[in-house]
1. Relative contact order for region 90-294: what is it in percent, counting Cα pairs under 8 Å that are at least 6 residues apart?
2. So how do 261-271, 224-234 stack up, highest first, on mean other-Cβ count within 10 Å?
3. Rank-order 160-166, 247-253, 119-125 by packing density, defined as the average count of other C-beta atoms within 10 Å over each peptide's residues, highest first.
4. Which of the three applies to region 90-294, rounded, prolate or oblate, going by the alpha-carbon gyration tensor with a ≥ b ≥ c and a/c under 1.5 meaning rounded?
5. Would you kindly state how much longer the chain becomes between residue 261 and residue 159 on full extension, computed as 0.36 nm times their sequence separation minus their alpha carbon distance, in nm to one decimal?
6. Restricting to region 90-294, what percent of DSSP beta bridges are antiparallel, rounded to 5?
7. For residue 284 and residue 220, FRET efficiency with R0 = 41 Å and r from the beta-carbon atoms, rounded to 0.05?
8. Quick check: the distance between the Cα centres of region 186-202 and region 224-257, to the nearest angstrom?
């Protein structure tokens with residue numbers, strides 16, 4: 001048996017020290033009692049005093065103290081191999097970073113931007129991907145890989161928060177490019193389940209046929225495509241600077257709305273589901289759909305771990321403490337009523 005914190009065992013020096021102090025105290029007590037008379041006479045004056053109870057209590061206290069010290073030292077009984085297997089899928093999140101994502105998520109005053117709603121929902125989603133690998137793509141007129149598929153959720157969330165329409169030079173909503181890049185970003189293994197989560201308002205789309213062809217090719221590769229729609233179908237204006245975005249051709253404010261019909265078509269063709277970001281049950285529905293993707297072993301490892309024994313010593317310490325509490329210094333009165341040897345009077 002070994003210990004994680006062997007230096008704590010130095011506290012066991014207190015055991016012989018406590019025994020020594022106990023013996024000194026017993027000797028001093030006997031000397032004081034002799035001042036009042038002989039020990040045989042004094043014992044009749046203290047009928048409830050038990051000469052063997054104090055040593056028993058001392059033993060219980062020392063045993064409890066020893067068990068506590070051993071438990072604190074964290075004893076190890078040996079080494080055992082623990083096999084850790086993680087099963088999951090690969091998930092690539094494609095985030096729309098077009099200008100329309102800066103628009104309010106609804107027509108209600110003070111509503112957050114579509115991008116803010118998208119980031120909040122995706123951050124919650126990443127927190128739920130316990131054993132899956134996740135990758136991140138942003139797209140507007142072109143698609144860019146921010147982080148390849150990884151188990152590093154912290155980095156994924158950092159890159160997610162960095163997405164902004166202001167940082168994308170080529171504007172537009174090139175969903176086809178996002179799907180094609182996501183398809184190429186998965187690992188080459190055909191045994192691993194794959195899913196694309198496309199978050200968009202599906203607005204300003206020029207090549208609808210190209211998008212559906214990209215979805216079709218992804219479906220052939222057994223890649224599930226789920227779509228999260230952000231915004232409402234009520235047209236809203238896009239903020240720009242201290243005002244709103246103006247169409248240079250017409251001179252009128254640019255209005256944008258969620259193209260929910262197209263988003264639903266992409267999800268259906270991709271074997272996934274469509275959910276609106278405003279739906280409180282949207283994440284749960286999305287998780288259920290992703291659970292349909294077959295999970296495979298993404299990581300398997302053997303770890304040598306110690307067999308912990310501190311719980312055993314802790315239980316022993318509690319038992320000895322309870323016994324010490326119930327053992328009193330005086331005699332048990334009910335023992336005096338028991339006669340083990342009875343003297344018989346024989347009459348002649």
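None of the figures in this text is laboratory data; all of them are computed from the coordinates on show. A quick note: this is a predicted structure, and the numbers were derived from the prediction, not measured. Cβ atoms come from the backbone with ideal geometry, glycine included; neighbour counts cover every protein chain shown.
1. Relative contact order here is 23 percent.
2. 224-234, 261-271
3. The peptides rank, most packed first, as 119-125, 160-166, 247-253.
4. In terms of gyration-tensor shape, prolate.
5. Extra length available between residue 261 and residue 159 comes to 33.8 nm.
6. 30
7. 0.90
8. Between the Cα centre of region 186-202 and that of region 224-257, the gap is 27 Å.
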